[in-house]
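Undergrad: Dropping a structure here in structure tokens format, bear with me for questions.
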Amino acid sequence: METTRRIGVTIAVFLLLNLLSADGRDAVGSATDAGFARQVVETTAAPRIVTVPHTAAAPPTATVPHTAAAPRIVTVPHTAAAPPYGGGSPYGDGSPSPTTTTTTTTTLPPLDPLTFESLDRINMIRDFSKYVSSGRSRWERSVPGIEQLRIISTADGAEQPVFWLAPSGDRDQPVLVILHSWSAPYTQHAGIPFAMWAQENGWAVIVPEFRGKNDDADAVGSDLAVQDTVDAIDYAVAQAGVDTNRVYVVGYSGGGMMGLLLAGRHPDKVSAVSVWGPPHDLVEFYEHARRKGLGYASDIRRACGGDPRDAGSAQEECLTRSPATYLEAARDQAVPIFIAQGIRDQFVPPSVGAEVFNQLAHPDDRLSAEEVDLFGRGRVPGHLSITTETYFGDGDPAPVFARQSGRALLVYFQSSHEMVYNASARWFASDPQLGKRSSLANVARSKAPV
């Protein structure tokens, strides 16, 4: 009898071990299939990955057909029927817009007073993380409750992973869209401080993957990559508790490039965009990267199908993927855009910030070719100064130049290729889409004098 009992126990234990082993293989296999093998190693918790099909509640947009022949600039309609976030002149000066005969005003309830404790002593990327370090486990530790989802692309049916944090509180909350940089995936740790701040204030967060690092032709500002971000935004604004009139986008480097593409190609999808050191013309960026011996040149050449300096299909493809092609639409649709760049940027020419600003600014506010050239050499023209709020504060690198024109704000600051968390957070806290200078009464921290 005792022998029989022991045999029975042994068989039960053997079956249980086999069952656990099979479950483990299934969990790792599904994670690997989704591209999360590294993250599974980092934590013993199985990732919660939900496939999210696009629903009728959040219809995809198709403003840009997926054909290389069609010039993208004409696919963004410059209609006067729906000027977002205030309408009227794109320069915010009260004059009639060239595409608008009437002025409409969007009235939004004020934001709740915001706090900034989570960003204390986290001023720049280097204060929190290495620039391209990534992984799921640190996101989960830093932002409790954040989820991994997979969203089906409305462009090609591919599943793209995202991080999603639902809003909290008793009112509809903004959603913060955090875009990864050129050389990192969506799990890039540099985005975590923004998510921590959003969670502190009850905001929703969406962190899309848009075809991964820009070392693949499907990435680098492609139609597919842009649609991935649009699909993620559509998912976010369809969720309960999200304020659809406050879709705030922030991106650093390659993420800044994607932010500008969103502002230009889908101005109806975004309420305000903050970009840091963004490439904006891939032909120009290719020339710079090749001259400096940077690997971005080979990424661009691969994406565009050849050397974009020569007239032809490769150059056309690069221009198709470049924000510079679409920024007039962002200006005409009055999208608030905060452009910031380190005056000593060694990866993206410092002149880029000024070039982006000039495409968005009123003609009277634009910088001259000579001034742009000086910025490109890391110098602030002696006759220029800070003439507007910078949103930089204690502990942030010092601003050296700032100018506002309508909805466009340009700030140069003492640093290299960097991002300043508190400056973006304060700017979003000012409710920039309302089209007026904020007193920042709801911003808890003080700012540097201008």
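The values are calculated or read from the model by the stated rules, or taken from the named source; none is laboratory data. None of the values given here were measured: they were computed from a predicted structure. All Cβ positions, glycine included, derive from the backbone under ideal geometry; neighbour counts span all protein chains shown. Each accessible area value is taken on the protein alone, full model and side chains, heavy atoms only, with ligands, DNA and RNA left out. Shrake-Rupley method; radii C 1.70, N 1.55, O 1.52, S 1.80 Å.
Undergrad: Go through region 226-245 and give me each residue that's farther than 14 Å from residue 266 by Cα and either among the acidic types (Asp, Glu) or assigned to a helix (DSSP H, G or I) (or both).
TA: 235, 236, 237, 243
Undergrad: Oh, and also: With the requirement that a residue be more than 20 Å from residue 197 (Cβ to Cβ), surrounded by fewer than 22 Cβ atoms within 10 Å (Cβ to Cβ) and of a type in the set (A, V, I, L, M), what does region 110-151 give you?
TA: 132, 149
Undergrad: Looking at 375, 347, 401, 392, which one is in contact (Cβ under 8 Å) with a residue 12 or more places away in the chain, open to solvent by less than 20 Å² (accessible area, probe 1.4 Å) and touching a Gly at 6+ places or on another chain (Cβ under 8 Å)?
TA: Going through 375, 347, 401, 392 in turn, just one is in contact (Cβ under 8 Å) with a residue 12 or more places away in the chain, open to solvent by less than 20 Å² (accessible area, probe 1.4 Å) and touching a Gly at 6+ places or on another chain (Cβ under 8 Å): 375.
Undergrad: Do the conditions hold for residue 308, that is, is it assigned to a loop (DSSP other than H, G, I, E, B), at pLDDT 95 or above and closer than 19 Å to residue 183 by Cβ?
TA: No: the conditions fail for residue 308.
Undergrad: List the residue pairs whose Cβ atoms are under 9 Å apart, where the first residue sits in region 243-262 and is of a type in the set (D, E, K, R), the second is assigned to a helix (DSSP H, G or I), and the two are 6 or more positions apart or on different chains.
TA: Close Cβ pairs satisfying both conditions: 243/237; 246/428; 246/433.
Undergrad: So which residues in region 263-290 are among the small types (Gly, Ala, Ser) and either free of Cβ contacts under 8 Å to residues at least 24 places away in the same chain or farther than 15 Å from residue 336 by Cα (or both), if there are any at all?
TA: 277, 289, listed by residue number.
Undergrad: Regarding residue 259, is this residue buried (at least 24 other Cβ atoms within 10 Å of the Cβ) and of a type in the set (Gly, Ala, Ser)?
TA: Answer is yes for this residue.
Undergrad: Right, next: Take region 297-323 and flag every residue that is of a type in the set (Ser, Thr, Tyr) and open to solvent by less than 40 Å² (accessible area, probe 1.4 Å).
TA: 320, 322
Undergrad: I'm trying to understand the selection: among the residues of region 317-335, which are in a loop (DSSP other than H, G, I, E, B) and either within 16 Å of the chain's Cα centre (by Cα) or of a type outside the set (S, T, N, Q) (or both)?
TA: Within region 317-335, 321, 322, 326, 334, 335 qualify.
Undergrad: One residue is enough: does region 152-171 have a residue meeting the conditions among the β-branched types (Val, Ile, Thr), open to solvent by 10 Å² or more (accessible area, probe 1.4 Å) and either outside any loop (DSSP other than H, G, I, E, B) or in contact with a Phe, Trp or Tyr (Cβ under 9 Å, 6 or more places away or on another chain) (or both)?
TA: Yes.
Undergrad: While we're here: Any idea which of 225, 272, 232 is open to solvent by less than 10 Å² (accessible area, probe 1.4 Å), closer than 29 Å to residue 316 by Cα and out of contact with any strand residue (DSSP E or B) (no Cβ under 9 Å at 6 or more places or on another chain)?
TA: After ruling out the rest, the residue left standing is 225.
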